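Report on the structure given below.
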Protein chains: 2
Amino acid sequence: MTAATRHSNSNGRAAAAPRAARGSKAYDRKLEAILRQAAAVFRTRGYHQASIRDIARATGVSLAGLYYYFASKEDLLYLIQRHAFETILAAARAGIEGVERPEDRLRALIRIHLRFFLEHPNEMKVLTHEEEWLSKERGREVRTIKRAYYQLCFEQVEELRRARGLAGLNTRLAVLSLFGMMNWIYTWYNPKIDPGASGCAGAMADIFLDGILSGAGRPANGHSTRKANTFERSGAPEIRVQN
Amino acid sequence: MTAATRHSNSNGRAAAAPRAARGSKAYDRKLEAILRQAAAVFRTRGYHQASIRDIARATGVSLAGLYYYFASKEDLLYLIQRHAFETILAAARAGIEGVERPEDRLRALIRIHLRFFLEHPNEMKVLTHEEEWLSKERGREVRTIKRAYYQLCFEQVEELRRARGLAGLNTRLAVLSLFGMMNWIYTWYNPKIDPGASGCAGAMADIFLDGILSGAGRPANGHSTRKANTFERSGAPEIRVQN
DNA sequence: AATGTATTCGAACGAACGTTCGATTGGGGA
DNA sequence: TCCCCAATCGAACGTTCGTTCGAATACATT
């Protein structure tokens, strides 16, 4: 048992729950500011490498003072992730409301996702890069929101698949590929040379939608045999490490 | 200056370069085994969270004994990354040699990439997830190999773009989207329910190739206006954090 | 058997970490 | 003005970290 995980339930604080629900407006505003700054620190230094002292420096709050706003470093990560996921999920749901065609709903989801990514790069990097460090219960809670978000996207693609009779489409694989396209953007996006969020969203939506829609009549194994594939060797050798 | 970065050039070791080039076959074999095990530890615990003591436990080598094979923790990360990148770059170059059509070369690159990913998940997660922790010079060296790998892929897409007259295609964005699709796989791949490397590669290649090839005659801003986009609002408001 | 070099290790060092504790401040209601 | 409680902080604790050092062992060549 490390010093970090040791819990003293006999401390003098009233109602010994870690991080009591303190209600004031000023409290909420300051907590949000701390979450924002902490996300920036986590983004550049990484969750584990970043120290609470770094966050104290970034926020101007003293080391001990921070613990008035969150119970532990892990709690801080949890608050950032939950906050960001809830926000983007709500934005996504609002964004497809009243949009008729599944194709347009998908385009909307892509645009919202990328816009959120480029407007909140700190939170999104933390979301995609520091998934695995929450405790069992906290991890489950965050994953539940994430799953709902994934599901929202999945439904649109599945609807499209049914409507267009795309028998050979693996919807799960397609959706996860789409998320890959979008989420990877934090590794390369450069505002000086790349289009804005709408431009990127349009380009990715074109690739993805044309990619899955032109596959009608493709065999169910999910990969093209329409063209002679002169490269294909049936039993390609394992890629050897070294040399 | 931390204990970790302190360098004693007055130690008793001959030829005080950190990690001298020790030549024996047994040395090389053991170093490779250490790199393999260390990649596994880094994958599950993360580079910063993983301790040299974890790696000592995983390899069976004592804590101090490990430093006979690498000069520092960062050196260890560097060796893993360089080794993995050089291997996959060589495999990619070999894999497209003699393949005529750029489309087939791209399919080959995708298949090789995914196969390497699924056969060496530890190394690939370290490669994609722990990019930023190398020193300036080491980071530059690894990025040089990565750049060559990216360039190899870029050239195929660019060639395809020229051959098919895809005026509206943003090659950089397309290639980086493709890498996103492929590299994201480590976050979701489940061998129990997902197709093997060839199946995934075929599906992704279909999405990507059909996606960019069906864009012929599209306007140069890179996103579709062929269909009435009933969703598009020109000045959509910023996504607000919280409610 | 003797020698020299390659390899391995136990033990320790100093720094940095997350967290806690007791004390102090500050501002709004009595 | 006094009081209460929310908010804040300096200082410290115990642990873990990366790294080093000197000694011990293994091994190939004489």
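The values are calculated or read from the model by the stated rules, or taken from the named source; none is laboratory data. Bear in mind the structure is a predicted one, so any value in this text is a computation, not a measurement. As a convention, Cβ positions derive from the backbone with ideal geometry for all residues, glycine included, and neighbour counts pool all protein chains shown.
Quick rundown of the values:
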read-out	value
Some residue of the range A:104-111 being more than 21 Å from A:Tyr150 (Cβ to Cβ), facing chain B (nearest Cβ under 10 Å) and acidic (Asp, Glu)	no
Residues of the range A:165-181 classified as more than 7 Å from chain B (Cβ to nearest Cβ) and either over 24 Å from A:Val126 (Cα atoms) or not β-branched (Val, Ile, Thr) (or both), total	8
For B:Tyr78: the one exception among (1) surrounded by fewer than 18 Cβ atoms within 10 Å (Cβ to Cβ); (2) more than 12 Å from every other protein chain (Cβ to nearest Cβ); (3) more than 16 Å from DNA strand C (Cβ to nearest atom)	(1)
Exclusive hit being in a helix (DSSP H, G or I), within 12 Å of DNA strand D (Cβ to nearest atom) and surrounded by fewer than 18 Cβ atoms within 10 Å (Cβ to Cβ), set A:Ala64, A:Ala94	A:Ala64
Verdict on A:Thr171 being surrounded by fewer than 17 Cβ atoms within 10 Å (Cβ to Cβ) and among the β-branched types (Val, Ile, Thr)	no
Residue count, the range B:67-93 (criterion: aliphatic (A, V, I, L, M) and touching a Lys or Arg at 6+ places or on another chain (Cβ under 7 Å))	1
Residue that is surrounded by the most Cβ atoms within 10 Å (Cβ to Cβ) [pool: residues in the range A:44-54 that are more than 12 Å from DNA strand D (Cβ to nearest atom) and not small (Gly, Ala, Ser)]	A:Tyr47
Filter pass, A:Glu119 being over 11 Å from the mean Cα position of the chain (by Cα), within 13 Å of chain B (Cβ to nearest Cβ) and among the acidic types (Asp, Glu)	yes
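Yes/no matrix, rows are residues, columns are (1) at pLDDT 95 or above; (2) farther than 22 Å from B:Gly196 by Cα; (3) outside any loop (DSSP other than H, G, I, E, B):
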position	(1), (2), (3)
A:Arg138	yes, yes, yes
A:Tyr189	yes, yes, no
A:Pro195	yes, yes, no
A:Ser198	yes, yes, yes
A:Ala203	yes, yes, yes
A:Ile212	yes, no, yes
